[in-house]
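For reference, the structure discussed in these notes is given below.
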Amino acid sequence: MSQKSEARWTATVLVSPAVLVLVLLNIFPIAFAVYISLRHWSLASPNPPRFAGDFNFAELLVDDRFFNSLWVSGTFVTLGVVIQLLLGFALAFVFNSKLRGLDTLRRLSLLPIMTMPLVVGLVWFYMLNENFGVINWFVTLFGSERLPFLTERTLAMLSIVLADVWQWTPFVTLVIFAALQSLPEYVFEAGRMDGLTEREIFFRITLPMLRPAIIVVLIIRAIDAFRMIELIFMMTKGGPGGATEVLPWYIYTTGFLSLDLGYAAAMAVTMIILVTLAAQVFVRQIADPGKN
Amino acid sequence: MLHFNSSNRLRHLALAAGAVGVLGAATPALADTVLEGETIRILGIGDPVFQVMQKIHGELEEMAGGTVQLDVRPFDVLRQQVLLNAQNDLSNYDLIAVDLPQFGEYMSFLTDLNPLIEANGYDGSDFHDVAWTGAQFDGAQLGVPLQPHPEIMAYRSDIFEKYGLDAPQTHADVLAAGATIQANEPGMSGVCWNAARGTALGQTFIMNMGDFGAAPIDMEKIGDDFNMGNIQPENMRPTIDTEAGAGTAAYLEALMDVSPPGILNMAWDERVRVFAQGGCAMTYIWSGRSAIYELDESAPARGNVGYVPHPSADGSPNRSTLGGWYLSIPTNIDPDRVDLAWKVIEWLTSADMIAEYTKHGNCVSPRKSVSQDAEVAARCPSIPAVDQMSADGFIAGWQRPPVPEIQKIVDALGTEMHQVLSGDKSSADALAEAHRLVDREMQKAGYY
Amino acid sequence: MAHVELKSVTKTYPNGAVAVNDLNLEIATGEFLCVLGPSGCGKSSTLRMIAGLEEISHGQILIDGQNVVGKPARERDIAMVFENYALYPHLNVFNNVAMPLVARRTDKQEINDRVTRIAEMLDITEHLEKRPGKLSGGQRQRVSLARAMIRRPAMFLMDEPLGHLEEYLRIELRREIRALHESTGGTTCYITHDQQEAAAVSDRIAVMSAGELQQVGTMHDLINKPVNRFVAEFVGETPISILEDVSFADGRLTIGDYAIGLNEQAAAACAATPPATVGIRPADFVLGDADATGLSAVAESVQPMGETAIVLCKTACGPATVLLDQVDLPSEGESVRLAVDPDNLHLFGPDGLNIMYQGS
């Protein structure tokens, strides 16, 4: 055995456990989901699963509820992530300033991340509830009518976004803050010496240097938000009408309540494809480090 | 070294054996208990009755003289676990909790209890008829009632008296009383009910459709009721886009005007709590949940509540939907454990135990003997009321047909009707769409 | 080009540490001044205060007669080169170099022309499209220099610009920096702890220690007329020997067992302030054998260094470092005598000040 092929063999042996884990935990489930999506497979049905061809996917194309849930998901992800990013960014800068007491505040601000999403949903459900919610109590204190936070189309969406923002803004802050802390001081000094104003330093130096962190946090949050189901489960069940029915909730009700695994898998597969495509386009468009 | 190690291990074994011997010597005292030192494995639901069992778990094991392994799951998880457990060669549980409408779905993997009933000379006649026969399919008894209770109407007798109103018997009564009270009683709305999207509203729809004497699928009608014990493929056609369906939708739309704020997000727990605190004059309620205010001394509703059967549409008989939990034995249970499982069923559904549960927040009694117990009645006023409804034949289970597709029907209705109540869709369109969805599902399942 | 003057500049940190104390310094228009000192002597703080990167606690900084204290860096018209280059990692070389012009809203065509010109001057044309991460240390510092020189600021500040480079690059770049200075004629303040570098690039050198300015002058001045023991010991390629046990009487100076007659000027100075120590540069020692006149010493080690050799001697007055030609080297352990030309003596008083040049 030549030295080179021996090295290659060693590499193969060393890498194979990781590959195996990847195949077992990632590739197999996805492949199996594709397999299920091509079959009539209902746990509730007495009939055994049978091949369905593209039936489930053809069904998707004429399913208004599916398109509605896509639209709702898109709205939720866009609104939520944009607000989290702006707010998280601003907070990161506040925490980065060397004011006293901010360290404690910064640590406290991480609490929402550590809370279970289901609990967050429950807490906001109670706070926004129209009959005994504390927020509506405040609203009535100011002489206003109680607001239908969870039962009016726009307000319900905003309420879900609010809960998500409450929980995940600290995460954005954490990442941006860490990135800010790792920016070398001398670059800012160079900027000042080169005659840039504070504003120009922010836009020409700080922001571009934070770009990798921003992109990472954006992708993580967008994908995460796209999968969000707990808040819907606790707060609106997708209502009113279908105003807050995000795709994962539709998939959940189809797969786990109606037990129509085939159709749910078809939706899940479509969702994976859409998310992957979106992430790709996104990464190419925004993350391309080439041009300035 | 090796030698030393193995001799050491031997010594441990000897010690362990000694310990077993000591334990063994202690067991004879348990010989006349239900479990005789054995372990029973129960898969339960996070509903009041099983929560009570969890609460008194220590006493329960003491009474049983063995280990009670009680796994309590939320509704959806329980269903998945039951379905998955059914695929095992040997069941992981001796007993499983089955909701009344689930029998259709689980039928093929539940043990027929009749041979056990005969062998043990068991008498089921103390149970309410509808509760006992609700678990009968093709002559097989698939479960024993543990916590079956109907969805009925609870109303504030004090408030009704104040405005000179009679107990609501019909939809019209409900709407009229609701309007009167809402207009005159500050901070109090008319009716609390399940209008949250999905399962909650879907169930409301079919139960209220039952008020019209109609079921969501085309079952065989027997008198005022339907034949649930023998549902054939041709009975699976939806009957949603019908006059009864339209009537139901119209009633729900009318209810919106006498409902509390946030009704579109209200479900099981919340409607009772809002009612308990005086937010509504009436509420639709699973009778067992009345414990929420009957056992809460600070609740304004406590002691001021009257119970009537589900109000009917004009001209139809009153029918309250029976639901709730049974104990069943899966068919893939280890044959050696069947007798033990049966003994535990007998014990957990005994009159003593049913009475015991009422002490801890489960206001349900499917047994006539318990329902007539004055102490129980004082604790849970809904129990004698339900007992009377049962005697009057006002309770039925066909509103939620025990077919595997029931959840799909409920989901389709709960989703479509929510759009109607939110003002996004006409009820005609929603009914047609729900009908179409269910029809498609039935065809997909190959019934016709 | 500007004339810069520091008046009683003091920098005190919040914890009470005094980084720079009452510093007075003038940099003439077009002058290349080096601030030389050991690390922690306050030279960087001084530079950063001139730059406007650090606040000044007390005193004035005048640029062309105008006090700039309180003005932000960008209003001081100063360019700076950092020890760690401080290039913008997210921009390519072209954009790094162009930044000072971009900040001043220069038009595109002119930016192009000037970047092209300066890139040629500094030999970085081929790297213009690359990001700093792809460049070697020497290339990065050239980019940094180009960025500083892209416009004509009132003043250049260079903070140990060659500190991170390898020896051969340092020598090459210090020559280039000097050449650039000669071609641009910009007022420059340059910080280093390397005296050879200071000598190579600058017109004058300011020596700092412990936050205080010690002496300003040419390298020649510092070597031959150090104002105090610190400067004498800090400056010089091979360290000066400081001998104790010194006394003065009747125009003669006695160092241990060696007595020398002083010239008139030195004698007068000694009469005014009796010397405590005497400093002698290694090359100024004259080595004689045991019978000759001079301070008796024992050659402890002999280190040949090509054409010269360093002999470390032990004397009753302390160790002495002697630089010799490679002829007649003593053998190790041999007793010798160390003599010196009286004109080459550096006489320090008990306070360490040079009693002859104090106040000059």
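Under the Cβ-under-4.7 Å rule, which cysteines of the protein assembly as shown stay unpaired? Cysteines lacking a close Cβ partner in the protein assembly as shown: C:C34, C:C41, C:C189, C:C270, C:C313, C:C317. What is the helix-to-structure angle for C:167-184, meaning the angle in degrees between its Cα long axis and the longest Cα principal axis of chain C, kept from 0 to 90 and rounded to the nearest 10? Between the helix axis and the principal axis of chain C, the angle is about 70 degrees. Placing one equal scatterer on every Cα of the protein assembly as shown and applying the Debye formula, the log10 ratio I(q)/I(0) at q = 0.04, 0.07 Å⁻¹ is -0.43, -0.82.
Restricting the GluC sites (Glu not before Pro) of the range B:301-395 to loop positions (DSSP other than H, G, I, E, B) with no more than 10 neighbouring Cβ atoms within 10 Å leaves nothing. Scanning chain A for DSSP H helices at least 24 Å long along the axis (C-alpha atoms) with a Kyte-Doolittle mean no lower than 1.0 picks out A:64-96, A:153-182, A:207-227, A:261-287. Between the helical axis of C:108-121 and the longest alpha-carbon principal axis of chain C there is an angle of about 30 degrees.
Given the options C:Q214, C:H58, C:S136, identify the residue whose Cα lies farthest towards the positive end of the charge dipole of the range C:4-234 (+1 on Cβ of Lys, Arg; -1 on Cβ of Asp, Glu). Of C:Q214, C:H58, C:S136, it is C:S136. Here the sum of -39500 (n - 2.57) over DSSP H runs of 4 or more residues, divided by the residues of chain C, equals -7500 deg cm²/dmol at 222 nm, to the nearest 500. When both bridge partners sit in the protein assembly as shown, DSSP labels roughly 75% of those beta bridges antiparallel. Sequence-ordered 3J(HN,Hα) estimates for the range B:318-330 from the Karplus curve with 6.51, -1.76 and 1.60 and θ = phi - 60° stand at 6, 9, 9, 6, 8, x, x, 10, 10, 9, 10, 10, x Hz, glycine and proline given as x. The residues of chain C expose on average 44 square angstrom of accessible surface per residue, using a 1.4 Å probe on protein heavy atoms. Counting only residues at least eight positions apart within a chain, or on another chain, the lysines with an alpha carbon under 28 Å from that of B:K425 are A:K237, B:K408, B:K444. The GluC sites (Glu not before Pro) of the range C:242-317 meeting both criteria, a DSSP state outside H, G, I, E and B (loop) and at most 14 other C-beta atoms within 10 angstrom of the site's C-beta, are C:E244, C:E307.
Do any of C:K43/C:K108; C:K108/C:K134; A:K98/C:K11 go past 28 Å between their Cα atoms, and which? As for pairs spanning more than 28 Å Cα to Cα, those are C:K43/C:K108. Kindly identify chain B as rounded, prolate or oblate by the Cα gyration tensor criterion: order the square roots of the eigenvalues as a ≥ b ≥ c, call it rounded if a/c is under 1.5, otherwise compare a/b with b/c, prolate if a/b is larger, else oblate. It is prolate, given that a/c is not under 1.5 and a/b is the larger ratio. Given a Förster radius of 51 Å and the C-beta distance between C:V69 and C:S301 as r, what FRET efficiency does 1/(1 + (r/R0)^6) yield to the nearest 0.05? Step by step, r from the Cβ atoms, then E = 0.45. Please report, to two decimal places, log10 I(q)/I(0) for the range C:163-264 at q = 0.10 Å⁻¹ as given by the Debye formula with identical point scatterers on the Cα atoms and no solvent. Those come out to -0.42, one per q. Using only side-chain charges placed at the Cβ, +1 for Lys and Arg and -1 for Asp and Glu, the dipole size of the range B:103-160 relative to its Cα centre rounds to 160 debye. Within the range C:4-234, antiparallel bridges make up roughly 50 percent of the DSSP beta bridges whose residues both belong there. Taking every C-alpha pair closer than 8 Å and separated by at least 6 residues, the mean separation divided by the residue count of chain B gives a relative contact order of 25 percent. Looking at chain C, which longest stretch skips every one of the trypsin sites (Lys or Arg not before Pro) that is in a DSSP loop with at most 14 other Cβ atoms within 10 Å, leaving the sites themselves out? That gives C:106-360 as the longest site-free run. Rounded to the nearest Hz, the phi-derived 3J(HN,Hα) couplings of the range A:48-58 under the Karplus curve 6.51 cos²θ - 1.76 cosθ + 1.60 (θ = phi - 60°) are x, x, 9, 5, 10, x, 8, 3, 4, 6, 4, where x marks glycine and proline.
The rule of thumb for compact globular proteins, 2.2 N^0.38 Å, goes into the C-alpha radius of gyration of the range A:63-287 1.18 times. Loop-located trypsin sites (Lys or Arg not before Pro) in the range A:92-168 (DSSP state not H, G, I, E or B) with no more than 15 neighbouring Cβ atoms inside 10 Å: A:K98, A:R100.
When only alpha carbons are used to place a centre, the range C:208-226 and the range A:6-75 end up 78 Å from one another.
Could you tell me whether the range C:130-172 comes out rounded, prolate or oblate from its Cα gyration tensor? Rule is a ≥ b ≥ c as square roots of the eigenvalues, rounded for a/c under 1.5, then prolate if a/b exceeds b/c, otherwise oblate. Taking the square roots of the gyration eigenvalues as a ≥ b ≥ c, the range C:130-172 is oblate.
What separates the Cα centres of the range C:71-148 and the range A:161-222 is a distance of 24 Å.
Once you sort the root eigenvalues of the Cα gyration tensor of the range B:276-418 as a ≥ b ≥ c, which label holds: rounded (a/c under 1.5), prolate (a/b larger than b/c) or oblate (the other case)? Because a/c hits 1.5 or more and a/b fails to exceed b/c, the range B:276-418 counts as oblate. Ordering A:M114, A:L162, A:L259 by the projection of their Cα atoms onto the charge dipole of the range A:63-287, which places +1 on the Cβ of Lys and Arg and -1 on the Cβ of Asp and Glu, puts A:M114 at the extreme positive end. Give the residue from B:Y122, B:A215, B:S350 lying farthest towards the positive end of the charge dipole for chain B; charges sit on Cβ (+1 for Lys and Arg, -1 for Asp and Glu) and the dipole is referred to the Cα centre. Sorting the options by dipole projection puts first B:S350. Cα centroids of the range C:252-309 and the range C:1-35: 37 Å apart.
For chain B, DSSP calls about 65 percent of its internal beta bridges antiparallel. Approximating the spin labels as points 7 Å out from Cα along Cα→Cβ, the B:D126-to-C:A316 distance works out to 12.3 nm. By how many degrees, 0 to 90 and rounded to 10, does the Cα axis of helix C:137-149 deviate from the longest principal axis of chain C? The two axes meet at around 70 degrees. Here the range C:1-60 is assigned +1 on the Cβ of each Lys and Arg and -1 on the Cβ of each Asp and Glu. Its dipole about the Cα centre then comes out at about 140 debye. Only helical runs count toward this figure. For chain B, summing -39,500 (n - 2.57) over DSSP H runs of n ≥ 4 and dividing by all residues gives -13000 deg cm²/dmol at 222 nm. The convex hull drawn around the Cα atoms of chain C, when projected onto a plane and averaged over every direction, covers 21.4 nm². Only Lys, Arg, Asp and Glu carry charge here, each on its Cβ (+1 for the first two, -1 for the last two); on that basis the range C:4-234 has a dipole of about 560 debye about its Cα centre. Dividing the convex hull volume of the alpha-carbon atoms in the range C:241-348 by its residue count gives 83 Å³ per residue. Placing dummy labels 7 Å off each Cα toward the beta-carbon, the span from C:H58 to A:D64 is 8.2 nm.
Extending 7 Å from the Cα toward the beta-carbon at both C:K134 and B:Q87 defines two label points whose distance is 5.4 nm.
The values are calculated or read from the model by the stated rules, or taken from the named source; none is laboratory data. No experiment lies behind these values; they were computed from the predicted model shown. Here Cβ is always computed from backbone atoms with ideal geometry, including for glycine, and neighbour counts include all displayed protein chains. Heads up: the accessible areas ignore ligands, DNA and RNA and are worked out on the full protein's heavy atoms, side chains in. Shrake-Rupley method; radii C 1.70, N 1.55, O 1.52, S 1.80 Å.
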